[in-house]
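Peer 1: Below are the structure tokens for one structure; questions will follow.
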Amino acid sequence: MCEDPSDLPDEPFNVAEHYPYRYCFDMTYRDELREIAMGNHGFVTTRQAVAAGVPSAELPKLAQHAGLESVSYGLYRFTDLPAEENDQAAEAVLRAGHGAYLYGESVLALHGGLADVNPDRVLVAVHRRVRRDLPSFMSIVQGSPDDVITVYDGIPSQDVAGALLASRNRIGDQRLRSAADRARAEGLLTAREFARLRERLTE
């Protein structure tokens with residue numbers, strides 16, 4: 001049972017004696033972080049933790065216990081949560097930092113390989129310089145102010161219409177037109193977006 005903070009003595013006390021109280025607060029923080037991670041492909045950032053009321057200094061402490069590991073600066077993962085199909089894409093965007101989003105072919109791959117793409121790296125767009133070291137499975141590109149950003153499977157992403165057009169220099173227009181047809185059938189494009197894409201892809 002957790003001790004009520006009001007019951008603790010004002011004078012210095014033995015940490016070991018009151019460990020249940022400390023542990024209870026750790027578990028409260030852990031539960032809060034786990035709740036975030038469950039809707040975020042197993043990941044939680046320092047920014048998300050602070051927004052949820054968990055002090056940033058608590059994350060390194062919690063990461064010393066089993067079940068939570070530090071992935072990179074400001075990014076943690078719950079190792080006991082089940083893996084999901086798009087975990088690597090989510091990790092790449094989170095590693096790139098606040099404001100980053102999935103881009104181009106990687107957005108198409110997220111939707112079952114639209115245009116039959118299977119990029120060997122996760123493309124992530126940013127609007128600022130990324131100074132941190134990044135793993136080889138991801139690449140950073142410069143985003144455009146005109147990019148329309150949405151969320152797919154909990155991952156900030158360029159919208160499908162923009163991703164199709166952004167892929168033109170690497171994928172032929174015929175494949176992109178077929179991908180647009182499929183995306184429209186699956187409800188990933190509005191009628192207006194579809195008509196605009198078909199016009200652009202015949203230029």
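Peer 1: Would you mention how many residues in the range 176-203 are more than 28 Å from the chain's Cα centre (by Cα) and in contact (Cβ under 8 Å) with a residue 60 or more places away in the chain?
Peer 2: The qualifying residues number 1.
Peer 1: When you scan the range 1-85 for strands (runs of 3 or more DSSP E) that lie fully inside it, which ones turn up with 1 or more residues that are at pLDDT 85 or above, of a type in the set (Lys, Arg) and touching a strand residue (DSSP E or B) at 6+ places or on another chain (Cβ under 9 Å)?
Peer 2: 75-78
Every residue, every condition in (1) part of a strand (DSSP E or B); (2) within 24 Å of VAL71 (Cβ to Cβ); (3) touching a Gly at 6+ places or on another chain (Cβ under 6 Å), yes or no:
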| residue | (1), (2), (3) |
| --- | --- |
| ARG95 | no, yes, no |
| ALA109 | no, yes, no |
| LEU123 | yes, yes, yes |
| LEU164 | no, no, no |
| ARG168 | no, no, no |
| LEU176 | no, no, no |
| ALA179 | no, no, no |
| ALA183 | no, no, no |
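Peer 1: Return the pairs, sorted by first residue and then second, in which the second residue is open to solvent by less than 20 Å² (accessible area, probe 1.4 Å) and assigned to a loop (DSSP other than H, G, I, E, B), the first residue lies in the range 110-127 and is over 17 Å from GLU85 (Cβ atoms) and modelled with pLDDT under 95, the beta carbons are less than 9 Å apart, and the residues are 6+ apart or on different chains.
Peer 2: ALA115/SER167; ALA115/ILE171; ASP116/ILE171; HIS127/ALA100; HIS127/GLY143
Peer 1: Checking ALA183 against (1) open to solvent by less than 30 Å² (accessible area, probe 1.4 Å); (2) within 30 Å of ARG30 (Cβ to Cβ); (3) aliphatic (A, V, I, L, M); (4) out of contact with any Pro (no Cβ under 7 Å at 6 or more places or on another chain), which single condition isn't satisfied?
Peer 2: Of the numbered conditions (1) open to solvent by less than 30 Å² (accessible area, probe 1.4 Å); (2) within 30 Å of ARG30 (Cβ to Cβ); (3) aliphatic (A, V, I, L, M); (4) out of contact with any Pro (no Cβ under 7 Å at 6 or more places or on another chain), the odd one out for ALA183 is (2).
Peer 1: Also: Only residues that are more than 15 Å from the chain's Cα centre (by Cα) and not in a helix (DSSP H, G or I): list them for the range 140-162, please.
Peer 2: Within the range 140-162, VAL141, GLN142, GLY143, SER144, PRO145, ASP146, ASP147, VAL148, ASP159 meet the criteria.
Peer 1: Please enumerate the residues belonging to the range 29-62 that are farther than 19 Å from ALA90 by Cβ and open to solvent by 20 Å² or more (accessible area, probe 1.4 Å).
Peer 2: Listed by number, the residues that qualify are TYR29, ARG30, ASP31, GLU32, VAL50, GLY53, PRO55, SER56, ALA57, GLU58, PRO60, LYS61.
The values are calculated or read from the model by the stated rules, or taken from the named source; none is laboratory data. Note that this is a predicted model, so its numbers are computed, not measured. For neighbour counting, all protein chains shown are included, and Cβ atoms are generated from backbone atoms with ideal geometry for every residue, glycine included. Keep in mind that these areas ignore ligands, DNA and RNA; they rest on the heavy atoms of the full protein, side chains included. Shrake-Rupley method; radii C 1.70, N 1.55, O 1.52, S 1.80 Å.
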